[in-house]
Structures are given as C-alpha cells and as structure tokens.
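The values are calculated or read from the model by the stated rules, or taken from the named source; none is laboratory data. What you are looking at is a predicted structure, and each value in this text was computed from that prediction instead of being measured. All Cβ positions, even for glycine, are placed from backbone atoms using ideal geometry, and neighbour counts span all protein chains on display.
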Amino acid sequence: MGDAVFTPDIGFVRGLKEGGADTMKQCYQCATCSTVCDLTPADNPFPRKEMIMAQWGLKEELSADPDIWLCHNCNDCSKYCPRGARPGDVLSTLRKAVIAENAFPRFMGTIVGNAKLLIVALLIPVALFLALLNATGHLNIPAGDVVFNKFFPIPLVDAIFVTTAMCVVFVFAISVSRFWGKLNVNPYKLMAHSMLIPSLIETLKEIVFHKKFQKCGANADRTWTHRLIVAGFIGLFIQTNWAVFNLYVLKWETPFLKDDPNMMMILGSQAAVMMYYAVYKIFGNTSALLLLIGSLMLFANRIKDKGVNSVSSSFDWVFAVMVFLVCITGLLSEFCRFANNAQVAYPMYFIHLVCVFYIIAYLPYSKLAHMVYRTTAIVYAKMAKRDVM
Ligand code: SF4
Ligand code: SF4
C-alpha cells in the first residue's frame, strides 16, 4: 500500500457490517485464509489484506481492488478461519457494495440491493404491465382456449423486453466504465504490452468452464450449482432468440399448428412440424429445469452453510428466490395452458413476466451483475499481470 494516506470511511464500515460483514472485526490477521485460498496469487495474497482494509473503512482502495473479484466465494477460507471472521462473506459483501457504488442510476442500486425494498422493485413492473394492458384493452381474462398472445400480445411483450434489454446494455456500459476507471488507479497497473481481446477470451473460457472454481478445495462441488444455473440461463437465452427468429423471420406463430401453411411450406409435412415443435419445447423446458435444479441446489448450499461457514445475505436469497420463481411460474403457466385453465394460466403468466422483468431489468444491480463485474475485473487483472494462474 506504499506511503499513501488513507481516508477511513466510517459510514462504509457500518454499511458493510449491516450488509453481511458483521464478523470482520473479529479478524486478528493470522493469514490462515490467504494460506488456504486456492485462487489467490502468491504475491500480495487475498483475502487477509481485504479484511484489514474493510476494518479500516478503506472504501476507495477496496473499490479499486480487482482481488475481491478473483475470489469465487467458495468459503474455504471461512471454514478454516480460527476467529469465525467469515472472510468469504466479507468479500461477498464488498462485491455487493461495489455493484451499488457503480450503479446507474444510483437509487436503483439501493432499491435492488435492499431486500426490504423488494416489494418496490416488484411493483414497478406490476404497475407498468397493468397500465399497458389497460391502455391496449387487454386487462381481462380472454374467452376461449388459453392462448397467451390473446392476453398479453407478443408485440407488446417484445416491445417491453427489447426496450428493457437495450436499457440494461446502456446502464452496464456506464457502470462498467466507472468500475474500470477505478480499477485503473490501483497498485496493479495495466501493462502496456497486454492485450484486451486475448485477456477477454481467456477470461470467458475460465468462466464458462469453471476452471478457477474447480481449484477451490472443500466446496468445489458447488461448481455444479453454477454450471446448472449458467447452462439454464444460456439455454433460455437461446430459446428466446429462437422464438424471435420463428416469429419475425419465419412468420411462425405460437402455439404451432400441425397444418400451419407457413410451417408446412418449409418443413414439408405435418410430422416434420410436430417434430420441430417437440424439439423446440423440449429444449426450452430442459433449460428451465436446469435452472430450477440449480436454484434448488443454491437453496440447499445456503441452508447447509447457514451459521457455519457463511451467512447468506438477503441479497443472495432474493436472487435465488427470483430465479426459482421464474422457472416455477414459467412451467406452471405452460401446464395450465395445456390444461386450458384460463383463470390460473393468465394470472400465472402475468406473474411469470413480472419475474422475468425483475431478472432482466435489474441485472445491473442484482447478484447477476457479478457476471459482468467479475469478467471485467479478471480481464483487468490479466492485463495487469495480476491473474496469471
Ligand atoms: S479472516 Fe480469519 S483466517 Fe483470515 S486473517 Fe483474519 S482471523 Fe485469520
Ligand atoms: S471464498 Fe474461496 S476463493 Fe474467496 S477468498 Fe475465500 S477461499 Fe479464496
């Protein structure tokens, strides 16, 4: 840390303690955590130094510290900490603080980061959807067979979610540029000869294949939770784009009919149409199931750790619950549609869309923002020759 003059931020310390790092003051700097961590570089290792920086309230230094993102939250360090200071939880709380600090607009970071304001975060899409349904004359349960398009027209759904996705990209661009600017003043300076693209490719390979996480010892089995959640999200992302391609490029509307002339013209027979429909549905449902199993494993891990190695923050629980709700409401909507139960199917679909909105619209402020912040920090660390394991 050199000869720099540090400015402790007492409010920051208080926020960390309230946010899940309440045990950090128990740390007496024995360095067991840094010794057992399989991911830390040997030079200037974490998380011991972050523990003392957090105790001192060194907010600026911690905001500029890529090391808190090199941690994969396995909690091996917390398991072996002789003082029960839970360094894994402290780093997790620090990451949450960095996400809130770089959020744009800031108040959204506060709303999504505070579980007590969950109801506010959910009321925003509820009010928006009700207003849009009312304005388009769809605020009712349609008569006849259950077809979601009759209740919430697909162009309206697409307009909401395409606009939301564009806003998310814009918000991330601002937040990540703020974050990158802070990283670039830390002791690990970017090397002039380092390259962005190779570092990014290497980082993405590490994340997709969980190369780093597998190095964690006692809790390495958690890679399967992450793998299932990542696979589920990627599968649902592919299926969403597949649906858009079907509708807007091929002009194939759901629910697919076996004698749809547009489909018959390209696929040639009713059997081929039904086969296409089956593959499409199986792919989507399998992705949802992977996500559902992953979210249940997330619950199981958190309950198993409760009060032992880790105390899950409400931030983590809200994320796990919302992922679970997205899956379960999506699957229930589909079952109710097959059962042709309009009174349950349409409200369930409405709830499903609210949950999907929560996951997508609040991505830059929620637990999922880790994907982007961690990727950015690891790329930075590689370019600064900090993360070369
Ligand atoms: S967090 Fe625990 S293991 Fe790490 S330095 Fe502090 S007391 Fe030691
Ligand atoms: S939680 Fe795991 S990766 Fe993070 S500092 Fe502790 S031991 Fe290292």
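Say whether the condition of being within 12 Å of the chain's Cα centre (by Cα), in a helix (DSSP H, G or I) and without any contact (Cβ under 8 Å) to a residue 40 or more places away in the chain is met by at least one residue in segment 352-363.
yes
For segment 18-37, give me the residue count where each residue is hydroxyl-bearing (Ser, Thr, Tyr) and away from ligand 2 (no atom under 13 Å from the Cβ).
Going through segment 18-37 one residue at a time, the tally reaches 2.
Could you look through segment 84-110, keep only residues that are surrounded by fewer than 16 Cβ atoms within 10 Å (Cβ to Cβ) and of a type outside the set (S, T, N, Q), and pick out the one that is farthest from residue 376 (Cα to Cα)?
Taking the candidates together, the pick is 84.
Assess whether residue 9 counts as being surrounded by fewer than 23 Cβ atoms within 10 Å (Cβ to Cβ) and either out of contact with any Ser or Thr (no Cβ under 9 Å at 6 or more places or on another chain) or not assigned by TED's automatic domain parsing to the domain that holds residue 374 (or both).
yes
Would you confirm whether or not segment 349-366 contains a residue that is crowded, with 20+ Cβ neighbours inside 10 Å and among the polar types (S, T, N, Q)?
Within segment 349-366, one or more residues are crowded, with 20+ Cβ neighbours inside 10 Å and among the polar types (S, T, N, Q).
Please determine whether any residue of segment 63-73 is touching a Cys at 6+ places or on another chain (Cβ under 7 Å), away from ligand 1 (no atom under 16 Å from the Cβ) and under 30 Å from residue 171 (Cα atoms).
The answer is yes; a qualifying residue exists.
From 150, 212, 189, grab the single residue that is at pLDDT below 95, touching a helix residue (DSSP H, G or I) at 6+ places or on another chain (Cβ under 6 Å) and charged (D, E, K, R).
Answer to the selection: 212.
Quick one: would you say residue 97 is more than 13 Å from ligand 2 (Cβ to nearest atom), in the same structural domain as residue 31 (by TED's automatic domain parsing) and hydrophobic (A, V, I, L, M, F, W, C)?
yes
Take residue 88 and decide whether it is within 16 Å of ligand 2 (Cβ to nearest atom), in a helix (DSSP H, G or I) and in contact with a helix residue (DSSP H, G or I) (Cβ under 6 Å, 6 or more places away or on another chain).
Yes, satisfied.
Within segment 49-85, count every residue that is of a type in the set (D, E, K, R), more than 9 Å from ligand 2 (Cβ to nearest atom) and more than 23 Å from the chain's Cα centre (by Cα).
Total satisfying the criteria: 5.
Can you tell which of 21, 97 is touching a residue at least 40 places away in the same chain (Cβ under 8 Å), more than 15 Å from ligand 1 (Cβ to nearest atom) and over 22 Å from residue 206 (Cβ atoms)?
Selected residue: 97, the only one of 21, 97 that is touching a residue at least 40 places away in the same chain (Cβ under 8 Å), more than 15 Å from ligand 1 (Cβ to nearest atom) and over 22 Å from residue 206 (Cβ atoms).
Tell me, which helices (runs of 4 or more DSSP H) lie completely within segment 7-63 with 3 or more residues that are modelled with pLDDT of 95 or more?
By residue number, 32-36, 48-56.
For segment 225-242, check the following and say yes or no: at least one residue is on the phi < 0 side of the Ramachandran plot, without any contact (Cβ under 8 Å) to a residue 12 or more places away in the chain and of a type in the set (Lys, Arg).
no
Anything in segment 366-386 that is modelled with pLDDT of 90 or more and among the charged types (D, E, K, R)? List them, or say none.
Once the filter is applied, which keeps residues that are modelled with pLDDT of 90 or more and among the charged types (D, E, K, R), segment 366-386 yields only 374.
Being touching a residue at least 40 places away in the same chain (Cβ under 8 Å) and part of a loop (DSSP other than H, G, I, E, B) is the filter here; which residues of segment 243-268 pass it?
253, 254, 255
Can you find a residue in segment 34-49 that is within 13 Å of ligand 1 (Cβ to nearest atom), over 27 Å from residue 185 (Cβ atoms), surrounded by fewer than 19 Cβ atoms within 10 Å (Cβ to Cβ) and of a type outside the set (A, V, I, L, M, F, W, C)?
Yes, the conditions are met somewhere in segment 34-49.
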